[in-house]
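Novice: Below is a structure I'd like to ask you about.
The values are calculated or read from the model by the stated rules, or taken from the named source; none is laboratory data. What you are looking at is a predicted structure, and each value in this text was computed from that prediction instead of being measured. Note that each Cβ is placed from the backbone with ideal geometry, even for glycine, and that neighbours are counted across all protein chains shown.
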Amino acid sequence: MTSTAGLTAPLSAAETKDILDRFYRDGCVVVPGVFSAGECAALRELTDEIAKNNPSFIIRNPEEQSIAFVRLFIREPILSLVQAILGPEARFCGQNVIRNQPGQSISHWHVDDKLEYPLPPDVPRWDGRARLPLTWLSVQVPLSDILAPEDGPTEIVPGSHYSGRLSPKENPVFEGRGAEPVLCHAGDIYLFNHQLWHRGSPNTGTRTRYLMQLQYARGDSLAWRCQGAARTPALEKVLAGADPKLVELMVGPPKYV
């Protein structure tokens with residue numbers, strides 16, 4: 001179950017190592033109990049309010065609506081885990097809340113953006129001993145319980161980020177492992193490599209599925225994903241008087257380190 005208090009501090013070195021080892025091996029790892037039940041309920045309410053004026057089931061740029069969404073980017077243990085992967089200059093590169101009502105999903109198999117490390121046909125896979133570098137990653141935050149297939153969980157093919165190939169359109173399998181659902185409680189998080197073969201399975205149940213995405217990029221690159229948030233009037237209003245650390249993460253310029 002979602003914890004009553006949630007987590008607000010970095011994890012131990014041993015816990016962090018275990019999480020990162022599983023993340024690099026499988027491309028996805030669940031960290032339980034990061035947000036409390038009360039926090040999840042409040043974020044769902046904010047999402048529902050925004051959705052009244054949004055016809056899409058993907059709520060884009062919620063960071064422009066409330067500081068409650070923005071301050072999550074420096075929440076521990078999320079930030080320290082992200083920095084362990086992307087480096088100390090990691091910063092904002094996107095935020096969404098997927099609000100799937102029954103029957104709604106992004107159900108096609110894919111990798112996000114583009115295939116970043118393609119291999120020729122005669123090379124079967126990247127060596128699993130290597131940790132392929134990431135320019136950006138997503139931290140997925142279920143705001144509602146996703147405990148069964150009918151809840152529309154994210155489905156992944158573990159290890160497929162090492163394939164060097166785009167996902168098959170149907171029934172993907174990588175080295176004997178097929179699709180597996182990411183089942184989790186509201187308030188858990190899962191670190192997610194966007195090069196993993198994945199999809200959102202159909203929500204065939206009776207409840208709305210809420211999944212927030214916190215997206216971070218390396219801050220030492222000038223790639224498009226690493227530019228930080230656009231300084232729109234709406235975001236400037238949200239950030240007025242905010243923690244300088246949070247402002248730097250959201251809109252600070254990229255740096256080479």
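Novice: Can you give me the number of residues within the stretch 109-168 that are within 14 Å of the chain's Cα centre (by Cα), β-branched (V, I, T) and part of a loop (DSSP other than H, G, I, E, B)?
Specialist: Total meeting the criteria: 2.
Novice: All but one of (1) within 29 Å of E45 (Cα to Cα); (2) in contact with a helix residue (DSSP H, G or I) (Cβ under 6 Å, 6 or more places away or on another chain) hold for P158, so report the exception by its number.
Specialist: Here P158 clears every test but (1).
Novice: Filter the stretch 176-234 down to the residues that are touching a Cys at 6+ places or on another chain (Cβ under 6 Å) and charged (D, E, K, R), then identify the one that is modelled with the highest pLDDT.
Specialist: In this case the residue turns out to be R218.
Novice: Which ones in the stretch 202-213 are assigned to a loop (DSSP other than H, G, I, E, B), more than 12 Å from I106 (Cβ to Cβ) and of a type outside the set (V, I, T)? Don't jump to the end; show me each part of the working.
Specialist: Looking only at the stretch 202-213, we keep the residues that are assigned to a loop (DSSP other than H, G, I, E, B), and these are 202-208.
Filter again for more than 12 Å from I106 (Cβ to Cβ), leaving 204-208.
Listed by number, the residues that qualify are G205, R207.
Novice: Take the stretch 67-91 and flag every residue that is small (G, A, S), more than 19 Å from A186 (Cβ to Cβ) and surrounded by fewer than 22 Cβ atoms within 10 Å (Cβ to Cβ).
Specialist: Applying the first criterion (small (G, A, S)) to the stretch 67-91 yields 68, 80, 84, 87, 90.
Checking the rest, the ones that are also more than 19 Å from A186 (Cβ to Cβ) come to 80, 84, 87, 90.
Residues satisfying the conditions are S80, A84, G87.
Novice: Another one. Is one or more of the residues making up the stretch 100-109 modelled with pLDDT of 95 or more and touching a Leu at 6+ places or on another chain (Cβ under 8 Å)?
Specialist: The initial filter retains those residues of the stretch 100-109 that are modelled with pLDDT of 95 or more, namely 109.
Retained after the next criterion (residues that are touching a Leu at 6+ places or on another chain (Cβ under 8 Å)): none.
Within the stretch 100-109, none of the residues are modelled with pLDDT of 95 or more and touching a Leu at 6+ places or on another chain (Cβ under 8 Å).
Novice: Anything in the stretch 51-92 that is aliphatic (A, V, I, L, M), within 17 Å of S138 (Cβ to Cβ) and not in a loop (DSSP other than H, G, I, E, B)? List them, or say none. Break it down into steps so the answer makes sense when it comes.
Specialist: At the first step, the residues of the stretch 51-92 found to be aliphatic (A, V, I, L, M) are 51, 58-59, 67-68, 70, 72, 74, 78-79, 81-82, 84-86, 90.
Cutting the leftovers down to within 17 Å of S138 (Cβ to Cβ) gives us 58-59, 70, 72, 74, 78-79, 81-82, 84-86, 90.
If the condition is that a residue be aliphatic (A, V, I, L, M), within 17 Å of S138 (Cβ to Cβ) and not in a loop (DSSP other than H, G, I, E, B), then I58, I59, V70, L72, I74, I78, L79, L81, V82, A84, I85, L86 are the ones that fit.
Novice: Need pairs with beta-carbon distance below 7 Å; first residue farther than 30 Å from T208 by Cα and within the stretch 102-121, second at pLDDT 95 or above and among the hydroxyl-bearing types (S, T, Y); sequence gap 6+ or separate chains.
Specialist: Note: no pairs meet the criteria.
Novice: Another question, then. A148 passes all but one of (1) modelled with pLDDT of 95 or more; (2) within 25 Å of L86 (Cβ to Cβ); (3) surrounded by fewer than 19 Cβ atoms within 10 Å (Cβ to Cβ); (4) of a type outside the set (S, T, N, Q); which number fails?
Specialist: Answer for A148: the failing condition is (2).
Novice: Moving on to the next point. Of the conditions (1) modelled with pLDDT of 95 or more; (2) buried (at least 16 other Cβ atoms within 10 Å of the Cβ); (3) under 27 Å from E180 (Cβ atoms), K17 clears all except one; give me its number.
Specialist: Result: K17 fails condition (2) only.
Novice: Which ones in the stretch 129-144 are at pLDDT 95 or above and either farther than 20 Å from R75 by Cβ or polar (S, T, N, Q) (or both)?
Specialist: S138, Q140, S144
Novice: Something else about it: If we keep just the residues of the stretch 169-196 that are closer than 17 Å to H108 by Cα and among the small types (G, A, S), which is nearest to the chain's Cα centre (by Cα)?
Specialist: If we take residues in the stretch 169-196 being closer than 17 Å to H108 by Cα and among the small types (G, A, S), then A179 is nearest to the chain's Cα centre (by Cα).
Novice: Identify the single condition in (1) within 21 Å of the chain's Cα centre (by Cα); (2) not in a strand (DSSP E or B) that R199 does not satisfy, given that it satisfies every other one.
Specialist: Of everything listed in (1) within 21 Å of the chain's Cα centre (by Cα); (2) not in a strand (DSSP E or B), R199 misses just condition (2).
Novice: Just need a number here: residues in the stretch 187-210 that are crowded, with 23+ Cβ neighbours inside 10 Å and of a type in the set (G, A, S).
Specialist: Final tally of qualifying residues: 1.
Novice: With the requirement that a residue be touching a Gly at 6+ places or on another chain (Cβ under 7 Å) and not in a helix (DSSP H, G or I), what does the stretch 10-50 give you?
Specialist: Correct list: G27, G33, V34, F35, S36.
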